[in-house]
Amino acid sequence: MSHEMLTRPIGNTEIKASVIGLGTWAIGGWMWGGTDEAQSIEAIQAAVDDGVTLIDTAPAYGQGLAEDIVGKALVGRRDKVVLATKCGLVWHCQKGNHFFDYDGQPVHRYLGKDGIIHEVEQSLKRLKTDYIDHYITHWQDPTTPIAETMEALETLKQQGKIRSIGASNTSVDEVAAYVAAGQLDAIQEEYSMVKRDIETSLLPLCAEHGVSALSYSSLALGLLSGKVGPDRKFSGDDQRKDNPRFSMANRQKIAALMEEITPVANAHSATLAQTVIAWTVQQPGITFSLCGARNADQARENAAAGRIRLSQQDIATITAAAGTHLTNLDG
(Lines give C-alpha, C1' and ligand atoms only; values in the text may rest on other atoms or scores of the structure.)
Protein backbone atom coordinates (compact mmCIF):
# COMPACT_ATOMS: atom_id res chain seq x y z
CA MET A 1 0.00 0.00 0.00
CA SER A 2 1.89 3.01 -1.26
CA HIS A 3 -0.88 5.53 -0.51
CA GLU A 4 -0.44 8.48 1.82
CA MET A 5 -2.23 8.54 5.15
CA LEU A 6 -5.68 10.07 4.57
CA THR A 7 -6.18 13.33 6.51
CA ARG A 8 -9.24 15.49 7.14
CA PRO A 9 -9.96 18.76 8.97
CA ILE A 10 -11.65 18.86 12.39
CA GLY A 11 -14.97 20.66 11.80
CA ASN A 12 -14.53 24.07 10.20
CA THR A 13 -11.08 24.60 11.75
CA GLU A 14 -7.68 24.73 10.07
CA ILE A 15 -6.62 21.69 12.12
CA LYS A 16 -6.04 18.65 9.93
CA ALA A 17 -5.46 15.16 11.33
CA SER A 18 -5.08 11.58 10.14
CA VAL A 19 -8.38 9.70 9.75
CA ILE A 20 -6.92 7.01 12.01
CA GLY A 21 -6.44 8.23 15.56
CA LEU A 22 -4.77 6.43 18.45
CA GLY A 23 -7.11 5.95 21.40
CA THR A 24 -5.35 5.49 24.75
CA TRP A 25 -8.03 4.12 27.11
CA ALA A 26 -6.28 0.73 27.24
CA ILE A 27 -2.94 2.45 27.81
CA GLY A 28 -4.33 3.89 31.08
CA GLY A 29 -4.94 0.31 32.18
CA TRP A 30 -8.34 1.08 33.69
CA MET A 31 -10.79 -1.75 32.84
CA TRP A 32 -8.10 -3.31 30.66
CA GLY A 33 -6.09 -5.22 33.29
CA GLY A 34 -3.23 -2.82 34.00
CA THR A 35 -0.67 -1.21 31.74
CA ASP A 36 2.98 -1.50 30.71
CA GLU A 37 4.51 1.95 30.41
CA ALA A 38 7.46 1.14 28.15
CA GLN A 39 5.26 -0.85 25.76
CA SER A 40 2.67 1.94 25.75
CA ILE A 41 5.29 4.58 24.89
CA GLU A 42 6.49 2.39 22.01
CA ALA A 43 2.91 2.04 20.76
CA ILE A 44 2.38 5.83 20.73
CA GLN A 45 5.72 6.52 19.04
CA ALA A 46 5.15 3.78 16.45
CA ALA A 47 1.73 5.26 15.60
CA VAL A 48 3.19 8.76 15.15
CA ASP A 49 6.13 7.46 13.11
CA ASP A 50 3.62 5.66 10.85
CA GLY A 51 1.64 8.81 10.08
CA VAL A 52 -1.00 8.83 12.83
CA THR A 53 -1.28 12.48 13.83
CA LEU A 54 -4.40 12.25 16.03
CA ILE A 55 -3.74 11.11 19.61
CA ASP A 56 -6.77 10.89 21.90
CA THR A 57 -6.49 10.59 25.67
CA ALA A 58 -8.30 11.63 28.86
CA PRO A 59 -7.60 12.30 32.54
CA ALA A 60 -10.04 9.51 33.47
CA TYR A 61 -7.91 6.83 31.78
CA GLY A 62 -6.14 5.58 34.90
CA GLN A 63 -6.64 8.93 36.70
CA GLY A 64 -3.90 10.81 34.90
CA LEU A 65 -1.80 7.77 33.99
CA ALA A 66 -2.61 7.71 30.25
CA GLU A 67 -1.97 11.47 29.97
CA ASP A 68 1.37 11.07 31.78
CA ILE A 69 2.42 8.29 29.39
CA VAL A 70 1.30 10.28 26.32
CA GLY A 71 3.26 13.29 27.61
CA LYS A 72 6.42 11.21 27.94
CA ALA A 73 5.94 9.55 24.55
CA LEU A 74 5.49 12.87 22.71
CA VAL A 75 8.68 14.56 23.96
CA GLY A 76 10.34 15.65 20.68
CA ARG A 77 7.23 14.69 18.68
CA ARG A 78 4.64 17.14 20.06
CA ASP A 79 4.62 19.31 16.93
CA LYS A 80 3.81 16.28 14.76
CA VAL A 81 0.47 15.55 16.44
CA VAL A 82 -3.04 16.80 16.98
CA LEU A 83 -3.46 16.12 20.68
CA ALA A 84 -6.95 15.55 22.05
CA THR A 85 -7.85 15.20 25.70
CA LYS A 86 -11.00 15.58 27.77
CA CYS A 87 -12.58 17.21 30.80
CA GLY A 88 -15.67 16.66 32.92
CA LEU A 89 -14.89 13.48 34.87
CA VAL A 90 -13.48 14.83 38.10
CA TRP A 91 -12.16 13.51 41.38
CA HIS A 92 -10.71 16.78 42.75
CA CYS A 93 -14.17 17.90 43.94
CA GLN A 94 -17.63 16.42 44.42
CA LYS A 95 -19.71 18.90 42.46
CA GLY A 96 -22.01 17.88 39.64
CA ASN A 97 -23.38 14.40 39.25
CA HIS A 98 -21.91 11.25 40.91
CA PHE A 99 -20.92 8.82 38.12
CA PHE A 100 -18.91 5.93 39.62
CA ASP A 101 -16.27 5.11 42.21
CA TYR A 102 -12.65 4.48 41.24
CA ASP A 103 -10.61 2.61 43.88
CA GLY A 104 -13.18 3.71 46.45
CA GLN A 105 -12.96 7.36 45.39
CA PRO A 106 -16.04 9.12 43.93
CA VAL A 107 -15.79 10.38 40.34
CA HIS A 108 -18.31 13.03 39.30
CA ARG A 109 -19.49 14.34 35.96
CA TYR A 110 -18.86 18.06 36.35
CA LEU A 111 -18.56 20.68 33.60
CA GLY A 112 -18.79 23.89 35.65
CA LYS A 113 -16.42 26.69 34.72
CA ASP A 114 -14.19 26.28 37.83
CA GLY A 115 -13.85 22.54 37.17
CA ILE A 116 -12.79 22.99 33.56
CA ILE A 117 -10.26 25.71 34.44
CA HIS A 118 -8.74 23.42 37.10
CA GLU A 119 -8.70 20.39 34.80
CA VAL A 120 -7.06 22.01 31.79
CA GLU A 121 -4.05 23.07 33.89
CA GLN A 122 -3.62 19.52 35.25
CA SER A 123 -3.81 18.05 31.74
CA LEU A 124 -1.31 20.56 30.32
CA LYS A 125 1.15 19.58 33.08
CA ARG A 126 0.74 15.84 32.58
CA LEU A 127 0.94 16.15 28.79
CA LYS A 128 4.05 18.39 29.06
CA THR A 129 2.61 20.96 26.66
CA ASP A 130 1.20 24.48 26.74
CA TYR A 131 -1.75 23.88 24.40
CA ILE A 132 -4.29 21.14 23.60
CA ASP A 133 -5.40 20.86 19.96
CA HIS A 134 -8.84 19.41 20.65
CA TYR A 135 -10.52 19.61 24.07
CA ILE A 136 -13.54 17.41 24.63
CA THR A 137 -16.22 17.19 27.33
CA HIS A 138 -15.93 13.48 28.22
CA TRP A 139 -19.41 12.81 29.62
CA GLN A 140 -22.25 15.28 29.90
CA ASP A 141 -23.14 16.89 33.24
CA PRO A 142 -26.89 17.35 33.71
CA THR A 143 -26.32 19.88 36.53
CA THR A 144 -24.47 22.54 34.51
CA PRO A 145 -26.01 24.51 31.61
CA ILE A 146 -24.12 23.83 28.37
CA ALA A 147 -23.88 27.59 27.80
CA GLU A 148 -21.72 27.89 30.97
CA THR A 149 -19.51 24.99 29.87
CA MET A 150 -19.12 26.50 26.40
CA GLU A 151 -18.25 29.91 27.84
CA ALA A 152 -15.37 28.34 29.80
CA LEU A 153 -14.15 26.48 26.70
CA GLU A 154 -14.36 29.57 24.49
CA THR A 155 -12.31 31.48 27.11
CA LEU A 156 -9.61 28.77 27.05
CA LYS A 157 -9.59 29.01 23.26
CA GLN A 158 -9.10 32.79 23.38
CA GLN A 159 -6.21 32.23 25.82
CA GLY A 160 -4.59 29.79 23.36
CA LYS A 161 -4.73 26.88 25.81
CA ILE A 162 -7.02 24.89 23.51
CA ARG A 163 -7.46 25.13 19.73
CA SER A 164 -10.83 23.44 19.16
CA ILE A 165 -13.83 22.14 21.09
CA GLY A 166 -15.45 18.70 21.17
CA ALA A 167 -18.16 16.85 23.09
CA SER A 168 -18.47 13.13 23.75
CA ASN A 169 -21.26 10.75 24.78
CA THR A 170 -23.94 13.23 23.80
CA SER A 171 -27.62 13.30 22.91
CA VAL A 172 -29.15 15.20 19.98
CA ASP A 173 -30.49 17.84 22.41
CA GLU A 174 -27.04 18.32 23.95
CA VAL A 175 -25.35 18.75 20.56
CA ALA A 176 -28.04 21.27 19.58
CA ALA A 177 -27.33 23.19 22.81
CA TYR A 178 -23.55 23.18 22.15
CA VAL A 179 -24.03 24.46 18.60
CA ALA A 180 -26.35 27.22 19.88
CA ALA A 181 -23.80 28.27 22.53
CA GLY A 182 -20.63 28.58 20.43
CA GLN A 183 -18.43 26.76 17.93
CA LEU A 184 -18.57 23.00 18.42
CA ASP A 185 -15.97 21.39 16.16
CA ALA A 186 -16.51 17.66 16.71
CA ILE A 187 -18.39 15.00 18.61
CA GLN A 188 -16.91 11.71 19.77
CA GLU A 189 -19.25 8.71 19.88
CA GLU A 190 -19.28 4.94 19.67
CA TYR A 191 -19.79 3.80 16.08
CA SER A 192 -19.06 0.56 14.27
CA MET A 193 -20.50 -1.85 11.76
CA VAL A 194 -22.51 -3.39 14.63
CA LYS A 195 -23.56 -0.07 16.22
CA ARG A 196 -24.80 2.43 13.66
CA ASP A 197 -27.57 4.30 15.50
CA ILE A 198 -25.86 7.72 15.26
CA GLU A 199 -26.37 7.63 11.45
CA THR A 200 -30.00 8.65 11.95
CA SER A 201 -29.69 10.71 15.16
CA LEU A 202 -26.49 12.70 15.66
CA LEU A 203 -24.82 12.63 12.24
CA PRO A 204 -27.52 14.58 10.32
CA LEU A 205 -27.33 17.36 12.94
CA CYS A 206 -23.53 17.38 12.71
CA ALA A 207 -23.64 17.58 8.91
CA GLU A 208 -25.95 20.58 9.13
CA HIS A 209 -23.51 22.47 11.41
CA GLY A 210 -20.12 21.40 10.01
CA VAL A 211 -19.32 19.28 13.09
CA SER A 212 -16.89 16.36 12.61
CA ALA A 213 -17.45 12.91 14.12
CA LEU A 214 -14.68 10.98 15.86
CA SER A 215 -15.83 7.38 16.17
CA TYR A 216 -14.57 5.03 18.85
CA SER A 217 -14.87 1.23 19.19
CA SER A 218 -14.69 0.76 15.40
CA LEU A 219 -13.78 -2.89 16.01
CA ALA A 220 -16.45 -3.25 18.75
CA LEU A 221 -13.97 -4.31 21.49
CA GLY A 222 -12.36 -6.77 19.06
CA LEU A 223 -15.58 -8.43 17.87
CA LEU A 224 -14.87 -7.10 14.34
CA SER A 225 -11.09 -7.67 14.41
CA GLY A 226 -11.27 -10.99 12.57
CA LYS A 227 -9.35 -12.44 15.54
CA VAL A 228 -12.23 -13.39 17.87
CA GLY A 229 -13.75 -16.56 16.46
CA PRO A 230 -16.56 -18.75 17.79
CA ASP A 231 -13.99 -20.86 19.73
CA ARG A 232 -12.50 -18.00 21.76
CA LYS A 233 -12.95 -18.21 25.57
CA PHE A 234 -12.98 -15.08 27.77
CA SER A 235 -11.74 -15.26 31.35
CA GLY A 236 -11.06 -13.21 34.49
CA ASP A 237 -12.21 -9.57 34.45
CA ASP A 238 -12.35 -9.47 30.63
CA GLN A 239 -15.28 -7.13 29.97
CA ARG A 240 -16.36 -9.32 27.03
CA LYS A 241 -17.00 -12.45 29.11
CA ASP A 242 -20.70 -11.94 29.84
CA ASN A 243 -21.31 -9.33 27.14
CA PRO A 244 -24.32 -10.44 25.04
CA ARG A 245 -22.67 -8.89 21.98
CA PHE A 246 -20.00 -11.63 22.24
CA SER A 247 -22.54 -14.48 22.33
CA MET A 248 -21.71 -17.63 20.37
CA ALA A 249 -24.53 -16.88 17.90
CA ASN A 250 -23.11 -13.40 17.24
CA ARG A 251 -19.59 -14.71 16.74
CA GLN A 252 -20.90 -17.21 14.19
CA LYS A 253 -22.60 -14.37 12.27
CA ILE A 254 -19.41 -12.30 12.45
CA ALA A 255 -17.38 -15.27 11.14
CA ALA A 256 -19.74 -15.47 8.12
CA LEU A 257 -19.35 -11.71 7.57
CA MET A 258 -15.54 -11.99 7.72
CA GLU A 259 -15.61 -14.74 5.11
CA GLU A 260 -17.42 -12.39 2.69
CA ILE A 261 -15.06 -9.47 3.42
CA THR A 262 -11.90 -11.59 2.99
CA PRO A 263 -11.62 -11.13 -0.82
CA VAL A 264 -11.73 -7.32 -0.40
CA ALA A 265 -9.05 -7.51 2.31
CA ASN A 266 -6.89 -9.74 0.11
CA ALA A 267 -7.23 -7.41 -2.88
CA HIS A 268 -5.76 -4.60 -0.74
CA SER A 269 -3.15 -6.83 0.97
CA ALA A 270 -4.89 -5.81 4.20
CA THR A 271 -6.00 -7.59 7.36
CA LEU A 272 -9.71 -7.96 8.15
CA ALA A 273 -9.41 -5.40 10.96
CA GLN A 274 -7.77 -2.87 8.60
CA THR A 275 -10.54 -3.41 6.06
CA VAL A 276 -13.27 -2.86 8.68
CA ILE A 277 -11.57 0.35 9.88
CA ALA A 278 -11.16 1.60 6.28
CA TRP A 279 -14.88 0.96 5.64
CA THR A 280 -15.75 2.85 8.86
CA VAL A 281 -13.97 6.08 7.86
CA GLN A 282 -15.70 6.00 4.47
CA GLN A 283 -19.19 6.09 6.02
CA PRO A 284 -20.99 9.40 5.44
CA GLY A 285 -20.38 11.78 8.35
CA ILE A 286 -17.64 9.71 10.02
CA THR A 287 -14.51 11.85 9.94
CA PHE A 288 -12.05 9.93 12.13
CA SER A 289 -11.76 6.47 13.66
CA LEU A 290 -10.03 6.15 17.04
CA CYS A 291 -8.32 2.78 17.41
CA GLY A 292 -6.74 1.51 20.60
CA ALA A 293 -3.31 -0.12 20.60
CA ARG A 294 -1.27 -1.49 23.47
CA ASN A 295 1.91 -2.27 21.58
CA ALA A 296 3.83 -1.08 18.52
CA ASP A 297 2.58 -3.87 16.22
CA GLN A 298 -1.08 -3.08 16.91
CA ALA A 299 -0.38 0.64 16.43
CA ARG A 300 1.26 0.01 13.04
CA GLU A 301 -1.55 -2.32 11.92
CA ASN A 302 -4.16 0.35 12.71
CA ALA A 303 -2.13 3.11 11.04
CA ALA A 304 -1.99 1.17 7.78
CA ALA A 305 -5.81 1.25 7.58
CA GLY A 306 -5.54 4.99 6.83
CA ARG A 307 -3.53 4.22 3.70
CA ILE A 308 -6.13 1.88 2.18
CA ARG A 309 -8.33 3.34 -0.56
CA LEU A 310 -11.48 1.22 -0.84
CA SER A 311 -13.38 1.59 -4.12
CA GLN A 312 -17.12 2.37 -4.16
CA GLN A 313 -17.60 -1.29 -5.16
CA ASP A 314 -15.55 -2.50 -2.16
CA ILE A 315 -17.64 -0.34 0.17
CA ALA A 316 -20.89 -1.61 -1.39
CA THR A 317 -19.73 -5.24 -1.02
CA ILE A 318 -18.88 -4.78 2.67
CA THR A 319 -22.10 -2.85 3.39
CA ALA A 320 -24.19 -5.58 1.75
CA ALA A 321 -22.38 -8.30 3.71
CA ALA A 322 -22.98 -6.35 6.93
CA GLY A 323 -26.66 -6.09 6.00
CA THR A 324 -26.90 -9.83 5.46
CA HIS A 325 -25.06 -11.05 8.55
CA LEU A 326 -25.41 -8.34 11.19
CA THR A 327 -29.18 -8.02 11.41
CA ASN A 328 -30.62 -9.32 14.68
CA LEU A 329 -27.35 -9.49 16.61
CA ASP A 330 -27.72 -10.13 20.34
CA GLY A 331 -27.09 -7.22 22.71
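Tabulated values for the structure
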read-out: Rounded FRET efficiency, nearest 0.05, which uses the C-beta distance separating Tyr131 from Thr262 and R0 of 45 Å; value: 0.55
read-out: Shape category assigned to the stretch 65-132 from the gyration tensor of Cα positions, a/c cut at 1.5; value: prolate
read-out: Unit charges on C-beta of K, R, D, E only; dipole of the stretch 125-270, Debye; value: 760 debye
read-out: Low-density loop cleavage sites - GluC sites (Glu not before Pro) in the stretch 7-108, where at most 13 other Cβ are within 10 Å (DSSP); value: Glu14
read-out: The stretch 80-142: trypsin sites (Lys or Arg not before Pro) falling in loop per DSSP and having at most 16 other Cβ within 10 Å; value: Lys95, Lys128
read-out: Relative contact order of the chain, pairs being alpha-carbon contacts under 8 Å that are 6 or more residues apart, as %; value: 21 percent
read-out: Probe 1.4 Å, protein heavy atoms only - accessible area per residue of the stretch 1-117 in square angstrom; value: 40 Å²
read-out: The stretch 1-124: relative contact order in percent, alpha carbon pairs under 8 Å with at least 6 residues between; value: 20 percent
read-out: Debye, to nearest 20: dipole size of the chain, +1 on Lys, Arg Cβ, -1 on Asp, Glu Cβ; value: 480 debye
read-out: Where the stretch 251-291 is the region considered: accessible area per residue in Å², 1.4 Å probe; value: 34 Å²
read-out: Answer label for Rg and Dmax of the Cα atoms in Å (calculated), chosen among (1) 19.3, 58; (2) 19.2, 54; (3) 17.9, 55; value: (2)
read-out: Within straight-line cross-link reach of Lys195, lysines at Cα separation under 20 Å, skipping those fewer than 8 residues along the same chain; value: Lys227, Lys241, Lys253
read-out: With every protein chain in place, the chain: carbon and sulfur % of accessible area (1.4 Å); value: 49 percent
read-out: Amide proton proximity set for Thr137, modelled H, under 5 Å, gap of 5+; value: Cys87, Gly166, Ala167, Ser168
read-out: Charge dipole (debye, nearest 20) of the stretch 1-132; +1 at Cβ of Lys and Arg, -1 at Cβ of Asp and Glu; value: 360 debye
read-out: Of Lys16/Lys128; Lys125/Lys157; Lys16/Lys125; Lys113/Lys161, those spanning more than 19 Å from alpha-carbon to alpha-carbon; value: Lys16/Lys128; Lys16/Lys125
read-out: The stretch 1-133 shape via C-alpha gyration tensor axes, a/c threshold 1.5; value: prolate
read-out: Candidate residues Val264, Val172: accessible-area rank, largest first, probe 1.4 Å; value: Val172, Val264
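The values are calculated or read from the model by the stated rules, or taken from the named source; none is laboratory data. Computed from a prediction, not measured in an experiment: that's the story for all the values here. Backbone-built Cβ (ideal geometry, glycine too); neighbour counts: all protein chains shown. The area values use the complete protein model at the heavy-atom level, side chains included, leaving out ligands, DNA and RNA. Shrake-Rupley method; radii C 1.70, N 1.55, O 1.52, S 1.80 Å.
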